[in-house]
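Working notes for the structure below.
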Amino acid sequence: MRLLAENVCVDRGARRIVEGVGFTLADGEALILSGPNGAGKSTLLRAIAGLLPIAEGALTLDGDSEEIAAALHYIGHAEGMKPALTVRENLELGGFKNRRDSAKVKRMIEGIFDMFPRLRERASQNAGTLSGGEQQMLVLGRAMMSEPSLLCLDEPSLGLAPLVVRDI
């Protein structure tokens, strides 16, 4: 997998928020966008996810601009969790594409529990009753259950303990 951004510009209304961004992201690599509030980090992530139009430039995944949405999992600030479902049910929903292979889904959930042991302790608890940090762990775990080629996380460390952030 190779994500290529070439001179990407994103407008919000009459203002140019992101201008001239370029990068190449190869399989297994991570890209971290860092900067002050209002610098355009979330706007760029939303454009990569196809939630905002690109005013100029190009984004391609393995040379194809149409494949990005199918390969990508985007998570905004603590999005993607179903509060009325248990932790385990949320993870099972994340593994929906593998629903016909229950053994694989169980293995994947165990992998998430290994990464986030606190979620194992809370497996039968409704997600809406989790702490903010636990909810963020669940959101990340659920995203990983979908086996995306590209995972875009906006503020992934929000509410997490420093040791958990280091492990991620």
**Request:** Kindly check whether there is at least one residue in region 25-48 that is surrounded by 13 or more Cβ atoms within 10 Å (Cβ to Cβ), modelled with pLDDT of 90 or more, over 16 Å from the mean Cα position of the chain (by Cα) and not in a loop (DSSP other than H, G, I, E, B).
**Result:** no
**Message:** If I filter region 65-75 for residues that are touching an Asp or Glu at 6+ places or on another chain (Cβ under 8 Å) and within 25 Å of Gln135 (Cβ to Cβ), do I get at least one hit?
**Reply:** yes
**Message:** I want to confirm something. Restricting to region 7-21 and keeping residues that are assigned to a strand (DSSP E or B) and open to solvent by 100 Å² or more (accessible area, probe 1.4 Å), which single residue is nearest to Ala39 (Cα to Cα)?
**Reply:** Glu19
**Fill in**
Log entry, pairs with first residue in region 75-89 being among the acidic types (Asp, Glu), second being at pLDDT 80 or above, beta carbons closer than 7 Å, six or more apart or on different chains, reads Glu79/Val139
**Fill in**
When region 44-99 is checked residue by residue, the ones that are within 18 Å of Pro148 (Cβ to Cβ) and β-branched (Val, Ile, Thr) are Ile48, Thr60, Ile68, Ile75
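The values are calculated or read from the model by the stated rules, or taken from the named source; none is laboratory data. Here the structure is a predicted model, which is why all the values come from computation and not from measurement. Every residue, glycine among them, receives a Cβ derived from its backbone with ideal geometry; neighbour counts consider all protein chains shown. Please note that ligands, DNA and RNA were not included when accessible areas were found on the heavy atoms of the full protein model with its side chains. Shrake-Rupley method; radii C 1.70, N 1.55, O 1.52, S 1.80 Å.
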